[in-house]
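Working notes, beginning with the structure itself.
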Amino acid sequence: MLCVLATPRLGLVALSYKILYIGRVTCPKPVVFCGTALPDLKRFPESVRREAGYQIDRLQHGLMPTDWKPISSAGPGVCEIRVRDATGAYRVIYLARLQDAVYVLHCFTKKTQKTSQHDLELAQRRYRDLMKE
C-alpha cells in the first residue's frame, strides 16, 4: 500500500528518496490513549517523553521499539516500552497488534524492581474494555 500525504515539509526529493531507497512510504497507524494514559505520559520528564514518543512513532510505522518486553499477563499482544534516565524507570504499556491503531493502555513510573499489581490490573482492565468495543 502506498500512501502519500501532501505536506509542505515533505518535498518531492524527499518523497522520491523514500520510494526509491526505502521502498515504500507507510501510513502511520493512529495512536489511541486509553483512560489517563496521555495525562500520565505528560507528567514524565521531557527527555523521557521524547524517547517514549520516538518509540511510539516506531510502532506507528510497523517497527519494534528498541527496548521492550511482552506483558502477557495484561493480555495477548500487550507489551511495554522501557525508558530509563537519571530520574528513574518509566513504562508505556501498549497494544500494537491490531490493524487499526496503536493503543497505549497505561503509562507509569516504575518504583520497584517488580511491576506493581495495581499497574498490571489497570492495564488488564483497559485491555478488556478495549476488546469489548
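Where does the charge balance sit around Val32 when Lys and Arg score +1, Asp and Glu -1, over other residues with C-beta under 11 Å from its C-beta? Write out the running numbers ahead of the final one.
Numbers: positive: Lys29, Arg126; negative: Asp100, Glu133.
Residues near Val32 contribute 0 overall.
Work through the residues other than Pro70 whose Cβ is under 14 Å from its Cβ and net out their charges, Lys, Arg +1 and Asp, Glu -1. Before the final figure, lay out the partial values.
Details: positive: Lys69, Arg82, Arg91, Arg97; negative: Asp67, Glu80.
Value of the local net charge: +2.
Could you pull out the trypsin sites (Lys or Arg not before Pro) across the stretch 42-133 that fall in loop regions by DSSP (anything but H, G, I, E, B) with no more than 14 other Cβ atoms inside 10 Å?
Numbers: sites: Lys42, Arg43, Arg49, Arg50, Arg58, Arg82, Arg84, Arg91, Arg97, Lys110, Lys111, Lys114, Arg125, Arg126, Arg128, Lys132; in loops: Arg43, Arg97, Lys111, Lys114.
Sparse-neighbourhood loop trypsin sites (Lys or Arg not before Pro): Arg43, Arg97, Lys111, Lys114.
With a/c under 1.5 counting as rounded, go ahead and sort the stretch 54-99 into rounded, prolate or oblate using the C-alpha gyration tensor (a ≥ b ≥ c being the square roots of the eigenvalues; past the cut-off, prolate if a/b is larger than b/c, else oblate).
Details: a/c = 2.82, a/b = 1.32, b/c = 2.14.
Note, shape of the stretch 54-99 comes out oblate.
Among the lysines, select those whose C-alpha is under 21 Å from the C-alpha of Lys42, and discard any that sit fewer than 8 residues away in the same chain.
Straight-distance partners of Lys42: Lys29, Lys110, Lys111.
Tally Lys and Arg at +1 and Asp and Glu at -1 over the other residues with C-beta under 14 Å from the C-beta of Lys132: what net charge comes out? Can you show the working numbers first?
Details: positive: Arg125, Arg126, Arg128; negative: Asp129, Glu133.
Local net charge: +1.
With the cut-off at 1.5 for a/c, could you classify the stretch 55-133 from its C-alpha gyration tensor as rounded, prolate or oblate? Could you put the intermediate results ahead of the total?
Numbers: a/c = 2.23, a/b = 1.18, b/c = 1.89.
Taking the square roots of the gyration eigenvalues as a ≥ b ≥ c, the stretch 55-133 is oblate.
All of the numbers you see were taken from the coordinates with simple rules; none came from a lab. Note that the structure is predicted; figures quoted are calculated from it, not measured. As a convention, Cβ positions derive from the backbone with ideal geometry for all residues, glycine included, and neighbour counts pool all protein chains shown.
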